[in-house]
Amino acid sequence: MELIDLMVERVWPVARRIVLSWNDQASEIFIIDLPIDAAPRVLDVIQEMTERPVVLRMNGANLDQELPLNLSARRQLIETSNRSTVHSLRAGLDEQACCYFYFWVDAVARRIEVELVFWNDLCFPAGRPVAEHKRVLGRLLRIAHRIRGDNPQCKCILSSEYNSEPRELLNSREVAIW
């Protein structure tokens with residue numbers, strides 16, 4: 001059995017309470033403490049593992065019109081990731097579901113946090129078999145695992161929507177951490 005499939009089984013008891021809660025609720029995966037120079041690789045992962053990625057916010061400013069994640073947009077995102085800022089992208093996971101990616105760049109600490117936000121109703125709709133929910137969770141974990149890359153000191157945290165410092169979640173029993 002592949003590493004990520006084992007991870008899905010390990011986190012499923014907590015993850016199911018998070019992702020199988022509906023009513024327009026969002027869930028998140030935080031990847032914390034990535035080195036600041038990981039930005040190009042993270043963008044590569046998003047391009048390779050999702051469909052039709054677009055930039056919605058660049059260097060802290062919402063764009064009037066979304067930009068495809070092309071060579072020019074990549075260059076701008078990387079160039080502005082040497083100072084503290086935030087970027088956001090949206091990309092498809094399948095025909096119905098998408099994921100939002102937020103890059104929180106801390107130039108002083110020389111780190112990036114990546115936050116994946118997805119809606120439970122769309123990614124884990126009611127009525128699907130548990131095996132299908134686990135497959136979708138596995139896809140999200142694969143994306144997070146590739147974003148983390150060769151940085152085992154970085155923590156990944158699956159939680160319900162959380163709008164504060166993600167490190168506060170590290171001692172919670174209501175989240176899955178790996």
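The values are calculated or read from the model by the stated rules, or taken from the named source; none is laboratory data. Worth saying up front: this structure is predicted, and the values here are computed from it rather than measured. Neighbour counts run over all protein chains shown; Cβ positions are idealised from the backbone, glycine included. The protein model used for the area step is the full one, side chains on, heavy atoms only, and it has no ligands, DNA or RNA in it. Shrake-Rupley method; radii C 1.70, N 1.55, O 1.52, S 1.80 Å.
Numbers for the structure displayed
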item: Per residue accessible area in Å² of the chain, where ligands, DNA and RNA are left out and the probe is 1.4 Å; result: 50 Å²
item: Additional length obtainable on full extension of the chain from V130 to R17, 0.36 nm per residue less Cα span; result: 39.4 nm
item: Portion, in percent, of the accessible area of the chain that falls on carbon or sulfur, probe 1.4 Å; result: 50 percent
item: Two-decimal Rg to Rh for segment 1-105 - Kirkwood Rh, Cα set; result: 1.00
item: Longest site-free stretch - the chain; sites: trypsin sites (Lys or Arg not before Pro), DSSP loop, at most 16 other Cβ within 10 Å; result: 1-82
item: On Cα atoms only, tilt of 39-49 relative to the major axis of the chain in degrees; result: 50 degrees
item: Protein-only accessible surface order, largest first, of H87, H145 at 1.4 Å; result: H145, H87
item: Degrees separating the helix 3-19 axis from the principal Cα axis of the chain, which is the longest one; result: 80 degrees
item: Helical contribution to [θ] at 222 nm, DSSP H n ≥ 4, -39,500 (n - 2.57), averaged over the chain, rounded to 500; result: -10500 deg cm²/dmol
item: Radius ratio Rg over Rh of segment 31-71, counting only Cα atoms, Kirkwood formula for Rh; result: 0.99
item: Sites matching GluC sites (Glu not before Pro) across segment 95-141 that sit in DSSP coil, with at most 11 neighbouring C-beta atoms within 10 Å; result: E95
item: Binned Cα-Cα distances of the chain, short to long, each 10 Å bin given as a whole percent; result: 10, 39, 37, 13, 1
item: Kirkwood Rh (inverse of mean 1/r, distinct Cα pairs), segment 1-48, angstrom; result: 13.5 Å
